[in-house]
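Structure record follows, encoded as structure tokens.
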Amino acid sequence: MKTWKLLAGTALCASLSAPAFADKASDTVNMAFNKELETADVYFNTAREGLLLNHSVWDGLLYRDPDTGEYKGNLATEWTWIDDVTLELKLREGVTFHNGEPFNADDVVFTVNYVTDPENGVKNMANVGWMDHAEKVDDYTVRIILGAPFPAAEEFLAGPVAMYPDEYYAEVGPSGMGLKPVGTGPFKVTELEPGKHFVLERFEDYYGGPKGKAGVAKVDIRTVPDTNTQIAEFFNGTLDFLWNMPADQAEKLDAMGKYQVVNAPAMRVGYITMDAAGRAGDTPMTDQRVREAVYHAIDRQAIVDALVKGSSEVIDTACSPAQFACDQSVEGYEYDPEKAKELLAEAGYPDGFDIDFYAYRNRPYAEAIMGFLGKVGINANLNFMQYSALREKHRKGEVPMAFLTWGSNSVADASAITSEFFTGGPQDDARDQEVIDWIEAADSTNDKEERQALYSNALNKITSEAYWVPLWTYNVNYVMSPEMEFTPTDDELVRFFSFGWK
């Protein structure tokens with residue numbers, strides 16, 4: 001169901017002051033990423049930008065229709081569960097990679113066995129760790145063997161699990177794939193300057209499948225971190241598509257009545273993680289009373305109303321409401337700064353304390369959070385970093401407190417967030433064995449009611465112990481030139497192959 005809304009109605013283009021968007025003639029959509037993508041190898045980045053490239057440059061074995069939620073064959077045409085841990089897939093014949101390699105079972109076996117090997121260091125093991133290995137049955141039949149039953153398997157095979165060419169990847173590895181990506185998707189990468197510039201061109205030999213052939217010939221993407229610079233380029237006609245515009249800027253562009261401005265909900269959630277396990281040393285965050293004080297100190301609704309806006313809403317549970325088994329009945333903590341001060345005094349901090357506070361995006365949101373913390377005596381020292389640097393610092397256990405976000409790779413299942421952050425991995429700041437056991441059990445049973453109960457147990461404890469402060473769901477503002485055609489979906493995926501022209 002489409003839940004996005006067109007803020008400006010039909011864009012008006014009969015204005016002398018409107019820019020000349022000329023790239024319809026060259027069939028090129030020019031757009032910008034607002035943060036640097038460390039590598040184009042989808043298994044070695046965890047950024048949303050990487051996921052967008054993934055869905056257009058590579059293909060998965062399955063595809064989830066964003067409108068109906070139905071799973072369709074993509075690189076696989078048929079799939080059958082042999083038993084709870086064995087999935088057999090018949091592969092599509094006649095598919096070639098961008099470099100001319102034919103796609104077959106060897107590519108699937110190589111990809112699965114490579115990414116599931118912990119020694120290879122895939123950044124997001126939650127995406128692939130549910131698989132144990134893959135076996136070849138014949139040239140166009142494979143079996144994926146799971147480590148344990150995993151009911152979200154089809155969702156992951158339709159999302160972040162991309163198929164790589166075995167010969168090419170064996171030769172060049174992650175560094176080579178990061179510089180010269182090769183997939184089977186509707187776009188091929190023809191130019192790449194790491195972190196700065198990506199040019200995608202329509203792959204004319206694309207087999208079609210459920211994605212269909214790309215609707216435009218080229219997508220030219222540059223990294224432009226400054227929002228005002230992006231808007232200036234949009235006015236000048238050197239950008240056709242703005243993605244993730246802040247609410248205030250989107251409202252101003254909408255008020256001009258010359259552009260298409262669309263707001264759509266997203267699966268992404270914002271949260272504050274606190275080092276309850278003491279990985280960063282003996283900080284105040286190891287005391288539950290302090291963590292509860294942080295929760296009480298922040299007026300989340302005020303930040304949503306003033307800054308986040310759109311279709312966003314305050315949440316009290318560590319997952320997205322759009323995900324299966326995300327228990328929305330979890331009871332959070334009300335905004336109560338006086339209670340926060342009482343808890344800090346009980347914990348031995350009647351005058352508050354200083355602490356390093358990390359963030360990588362939405363600086364105004366981070367500063368608003370800091371303002372509320374400061375009112376109860378928590379003086380947060382902001383360390384604003386690039387995403388990849390902060391992620392690695394967090395994985396090393398060096399971050400006492402951070403404002404972060406997670407889009408779950410657009411996987412509509414609670415396992416896509418809880419398994420990443422609460423099962424003892426490098427980004428688990430709680431290290432709560434009971435929570436770990438509940439989530440691992442939920443991840444490995446096919447009984448839907450049991451899964452829901454187990455995730456509910458885990459999510460309630462995460463909130464009751466204040467391991468996280470769940471903040472809000474995100475929304476996305478898209479701004480487009482009058483000539484573009486693009487329909488957003490509520491999973492925060494910009495499918496470049498669905499771009500078109502009026």
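Can you work out the base-10 log of I(q)/I(0) for region 306-447 at q = 0.20 1/Å, using the Debye formula on its C-alpha atoms alone?
-1.48
Roll a 1.4 Å probe over the protein chains and send me the accessible area per residue for region 435-501 in Å².
Each residue of region 435-501 exposes 29 Å² on average to a 1.4 Å probe.
Using the Karplus equation 6.51 cos²θ - 1.76 cosθ + 1.60 (θ = phi - 60°), what ³J(HN,Hα) coupling, rounded to whole Hz, does each residue of region 102-116 give in order, writing x for Gly and Pro?
Ordered by residue, 3J(HN,Hα) equals x, 8, 7, 4, 4, 5, 5, 4, 4, 4, 4, 5, 6, 6, 8 Hz.
From the protein chains alone at 1.4 Å, what is the descending order of accessible area for Asp447, Asp432, largest first?
Asp447, Asp432
Over region 346-397, give the accessible area per residue in Å² for a 1.4 Å probe, as an integer.
47
Keeping all protein chains in the complex and leaving out DNA, RNA and ligands, what accessible area do you get for Ser312 with a 1.4 Å probe, in Å² to the nearest 10?
In the full protein context, Ser312 sits at about 20 Å².
At 7 Å along Cα-to-Cβ for each site, give me the label-to-label distance between Glu36 and Leu382 in nm.
2.0
Tell me what the chain gives for mean residue ellipticity at 222 nm when only DSSP H runs of n ≥ 4 count, each as -39,500 (n - 2.57), the sum divided by the residue total, rounded to 500 deg cm²/dmol.
Only helices count here, giving -8000 deg cm²/dmol.
Hey, can you rank 407-416, 148-157 by average C-beta count inside 10 Å, highest first?
Ranked from most to least packed, the peptides come out as 407-416, 148-157.
Note down the accessible area of Asp254, probe 1.4 Å, to the nearest 10 Å².
Its accessible surface works out to 40 Å², give or take rounding.
Before I look further, what does region 16-172 give for accessible area per residue, probe 1.4 Å, in whole square angstrom?
Spelled out: the 1.4 Å probe surface of region 16-172, per residue, equals 37 Å².
For the pairs Lys339/Lys375; Lys188/Lys218; Lys72/Lys211; Lys213/Lys258; Lys35/Lys196, note any where the Cα-Cα span goes beyond 18 Å.
Numbers: Lys339/Lys375 12 Å; Lys188/Lys218 9 Å; Lys72/Lys211 10 Å; Lys213/Lys258 30 Å; Lys35/Lys196 9 Å.
With Cα atoms farther than 18 Å apart: Lys213/Lys258.
Tabulate in residue order the Karplus-calculated ³J(HN,Hα) for region 215-227, using 6.51 cos²θ - 1.76 cosθ + 1.60 with θ = phi - 60°, rounded to whole Hz; enter x for Gly and Pro.
Along region 215-227, the couplings run x, 10, 6, 8, 10, 10, 10, 10, 7, 10, x, 8, 4 Hz.
In debye to the nearest 20, how big a dipole does region 296-361 give about its Cα centre with +1 on each Lys and Arg Cβ and -1 on each Asp and Glu Cβ?
The calculation lands at about 360 debye.
Hey, any idea what % of the chain's accessible area is carbon plus sulfur with a 1.4 Å probe?
46
What residues qualify as long-range amide H neighbours of Thr141, i.e. H under 5 Å apart, gap of 5 or more or another chain, H built at 1.01 Å from N?
Leu91, Ala105
What's the magnitude of the charge dipole for the chain around its Cα centre, counting Lys and Arg as +1 and Asp and Glu as -1 at the beta-carbon? Answer in Debye, nearest 20.
1620
Starting from the Cα of Asn446, move 7 Å in the Cα-to-Cβ direction to define the label point; list residues of region 80-117 whose amide nitrogen is under 19 Å from there.
Label zone hits: 80-90.
Suppose R0 equals 56 Å; then what is the FRET efficiency for Thr68 and Ala345 from their Cβ-Cβ distance, rounded to the nearest 0.05?
Here the calculated transfer efficiency is 0.55.
Straight-line reach only, C-alpha to C-alpha below 17 angstrom: list the lysines that Lys393 could link to, leaving out same-chain residues fewer than 8 apart.
In chain and number order, the partners are Lys123.
So, R0 is 25 Å and r is the distance between the beta-carbons of Ala306 and Lys252; what FRET efficiency does that work out to, to 0.05?
Efficiency for this residue pair is about 0.95.
So how far, in whole Å, is the C-alpha centre of region 284-324 from the one of region 418-457?
Centre-to-centre distance over Cα atoms comes out at 21 Å.
Could you please tell me the mean projected area of the C-alpha convex hull for region 251-386, averaged over all directions and given in square nanometres to one decimal?
10.2
Cα atoms only: what Rg and Dmax, in Å, come out for the chain?
22.9, 70
Please calculate the 1.4 Å probe accessible area of Lys309, with all protein chains present, and give it to the nearest 10 Å².
The accessible area of Lys309 comes to roughly 60 Å².
Tell me, what ³J(HN,Hα) does each residue in region 267-281 have, in order and in whole Hz, if you take phi through Karplus 6.51 cos²θ - 1.76 cosθ + 1.60 with θ = phi - 60° and put x for Gly and Pro?
7, 5, 10, x, 7, 10, 9, 10, 6, 5, 7, x, 5, 8, x
The values are calculated or read from the model by the stated rules, or taken from the named source; none is laboratory data. All values derive from a computational prediction rather than experimental measurement. All Cβ positions, glycine included, derive from the backbone under ideal geometry; neighbour counts span all protein chains shown. These area figures cover heavy atoms from the full protein model, side chains too; ligands, DNA and RNA do not enter into them. Shrake-Rupley method; radii C 1.70, N 1.55, O 1.52, S 1.80 Å.
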